[in-house]
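Report on the structure given below.
FYI, it's all coordinate maths here, none of it is from the lab. All values derive from a computational prediction rather than experimental measurement. Counting neighbours? That spans all protein chains shown, and the Cβs are built from the backbone with ideal geometry, glycine included.
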Amino acid sequence: MTELRQAVKQYLDAISSVSRVGTPELSHYPALDNLFDAIGNELKPKVRAVVHYSETASGQPDLGFFSGEHTDPDRGVVEVKGADADLDVLIASGQVDAYWQTRKLVLVTNLREFALVG
């Protein structure tokens with residue numbers, strides 16, 4: 001199995017097991033972080049995900065994507081909600097708009113669906 005397939009399988013397994021006992025959003029950050037790092041390792045330049053990085057301009061995105069030695073999320077930010085969240089409503093939210101205004105690239109997810117706003 002390729003590394004990316006393995007990362008997706010691990011993500012789905014983690015989401016499934018954590019969903020039974022964890023919080024709708026925060027408990028899933030490690031699974032998302034691992035998935036995004038696996039994907040980022042395949043990119044050139046490599047991109048790393050950082051959970052709750054230091055942000056003040058637009059609020060506090062759940063994750064940021066960083067390439068190289070950048071100290072700013074130059075590859076965008078991520079907004080995460082629980083699996084019951086309506087992705088269309090989230091995309092249209094003021095929170096996502098605020099991130100888009102400063103970052104111009106926002107990945108939005110409800111753990112089952114992913115949408116890129118940019």
Inset, instruction - Would you mind calculating the gained length between A115 and L26 on full extension (0.36 nm times residue separation, minus the Cα-Cα distance), in nm to one decimal? - result: 30.1 nm
Legend entry - the chain: proportion of alpha-carbon pairs further apart than 23 angstrom, %: 27 percent
Inset, instruction - Identify which of V50, V18, V96 has the largest mean-square fluctuation in a Gaussian network model of the chain, with springs joining Cα atoms closer than 10 Å. - result: V18
Legend entry - Over the chain, relative contact order from alpha-carbon pairs under 8 Å, at least 6 apart, %: 17 percent
Legend entry - For the chain, built as a Gaussian network whose Cα springs stay under 10 Å, the top-fluctuating residue of L26, L63, L107: L26
Inset, instruction - Taking a cut-off of 15 Å between Cα atoms, list the aspartates and glutamates near K44, but don't count ones fewer than 8 places away on the same chain. - result: E69, D74
Inset, instruction - Mind telling me which of E42, E79, E25 comes out most flexible in a GNM of the chain, alpha-carbon contacts under 10 Å? - result: E42
Inset, instruction - Could you check the simple spin-label distance between S54 and D97, using points 7 Å along Cα→Cβ, in nm with one decimal? - result: 3.0 nm
Legend entry - Under 28 Å from K81, Cα to Cα: lysines that are on another chain or at least 8 residues apart: K9, K46, K104
Inset, instruction - Would you work out if region 1-42 is rounded, prolate or oblate? Take a ≥ b ≥ c from the square roots of the eigenvalues of the alpha-carbon gyration tensor; rounded if a/c is under 1.5, else prolate when a/b is larger than b/c, oblate otherwise. - result: oblate
Legend entry - Theoretical gain in end-to-end length, K44 to T71 [0.36 nm per residue, Cα-Cα removed]: 8.0 nm
Inset, instruction - Counting only trypsin sites (Lys or Arg not before Pro) that are in a DSSP loop and have at most 13 other C-beta atoms within 10 Å, tell me the longest site-free stretch of the chain. - result: 47-103
Legend entry - Sites V89 and Q6 - FRET efficiency at Förster radius 35 Å, r taken between beta-carbons, to 0.05: 0.60
